[in-house]
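Structure record follows, encoded as structure tokens.
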Amino acid sequence: MHAPLPVDDREDREASDRRKRLTNAVGRAGLFYAEMLRSGEGAKARAYLEGRGLGKDVWERFGIGYAPSGWTSLIDKLKAEYKLDDLVEAGLARPGEDGKRAIDIFRDRIIFEISDPAGRPIAFGGRSLDPNQPAKYINSPESALFHKGKTLYRLKQARELASRSRAGGLVVAEGYLDVIAFERAG
């Protein structure tokens with residue numbers, strides 16, 4: 001008998017390393033957004049959330065943050081740690097058009113962290129604070145980490161709640177704030 005030939009798993013390792021790098025970038029973005037919610041720039045977002053009965057404890061529990069209004073606030077914060085291509089690939093920025101500088105996906109929005117089934121941050125949803133903004137809500141673009149049609153907001157937490165409860169099922173809601181309200185109600 002002959003020993004099997006060794007398998008070159010370099011591609012698997014590269015794909016795994018890429019996914020880790022992108023997941024780390026999204027996680028760092030979440031920390032930045034949380035920090036911005038607590039900063040002076042986040043005053044309007046905090047007022048909106050508090051007006052909806054959502055205080056600091058809820059912001060932390062549900063991964064809520066704030067994307068400042070600057071065109072490159074997140075890029076500027078993360079550029080020392082991540083390549084711009086990684087930020088674009090992770091769905092955090094988009095390349096500029098016609099040679100213009102890349103810009104953040106989210107600006108002047110309350111941010112809701114979206115996680116994979118294991119609880120790792122993979123994307124964000126953002127609610128505009130500007131009533132004249134054409135899109136009240138936007139999500140991260142499709143990426144190597146995030147597929148909107150295959151991702152449920154707070155799925156990991158819903159599974160945990162379902163396993164602890166004697167309820168016959170779960171209630172599914174469309175909006176981030178609706179999901180938060182249902183989860184807070186048990």
In Å³ per residue, the alpha-carbon convex hull of region 118-171 encloses 121 Å³
Taking R0 as 25 Å and r as the Cβ-Cβ distance between Arg184 and Ala162, the FRET efficiency 1/(1 + (r/R0)^6), rounded to the nearest 0.05, comes to 0.95
One quarter of the C-alpha convex hull surface, i.e. the mean projected area of the chain in nm², amounts to 15.8 nm²
With N residues in region 54-119, Rg(alpha-carbon) / (2.2 N^0.38 Å) equals 1.26
For region 56-96, the accessible surface attributable to carbon and sulfur atoms (probe 1.4 angstrom, ligands and nucleic acids excluded) amounts in percent to 49 percent
Of the accessible area of region 107-186, computed with a 1.4 Å probe and all protein chains kept, carbon and sulfur make up a percent value of 51 percent
With all protein chains in place and a 1.4 Å probe, Leu78 shows an accessible area in Å² (nearest 10) of 0 Å²
Rounded to the nearest 10 Å², the 1.4 Å probe accessible area of Tyr82 is 30 Å²
Farthest towards the positive end of the dipole of the chain, among Gly125, Gly55, Gly96 and with Cβ unit charges of +1 on Lys and Arg and -1 on Asp and Glu, lies the Cα of Gly55
Protection proxy (average C-beta count within 10 Å per residue), highest first, orders 177-183, 130-136, 104-110, 90-96 as 104-110, 90-96, 177-183, 130-136
Out of Phe146, Leu177, Gln157 - ranked by how far each Cα lies towards the positive end of the dipole of region 136-186, with unit charges on the beta-carbon of charged residues - the top one is Gln157
The lysines whose Cα lies under 19 Å from the Cα of Lys56, excluding any fewer than 8 residues away in the same chain, are Lys44
The relative contact order of the chain, taking Cα pairs under 8 Å that sit 6 or more residues apart, comes to a percentage of 18 percent
Region 78-156 accessible area per residue, 1.4 Å probe, protein heavy atoms, integer Å², reads 53 Å²
Dividing the mean separation of Cα pairs under 8 Å (6+ apart) by the residue count of region 100-186 yields a relative contact order in percent of 21 percent
For region 91-96, in residue order, the Karplus 3J(HN,Hα) values (coefficients 6.51, -1.76, 1.60; θ = phi - 60°; whole Hz; Gly and Pro = x) are x, 9, 9, 10, x, x
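The values are calculated or read from the model by the stated rules, or taken from the named source; none is laboratory data. What you see is a predicted model; the values in this text were computed from it and never measured. Here the Cβ is made from the backbone with ideal geometry for all residues, glycine too, and neighbour counts use every protein chain on show. Keep in mind that these areas ignore ligands, DNA and RNA; they rest on the heavy atoms of the full protein, side chains included. Shrake-Rupley method; radii C 1.70, N 1.55, O 1.52, S 1.80 Å.
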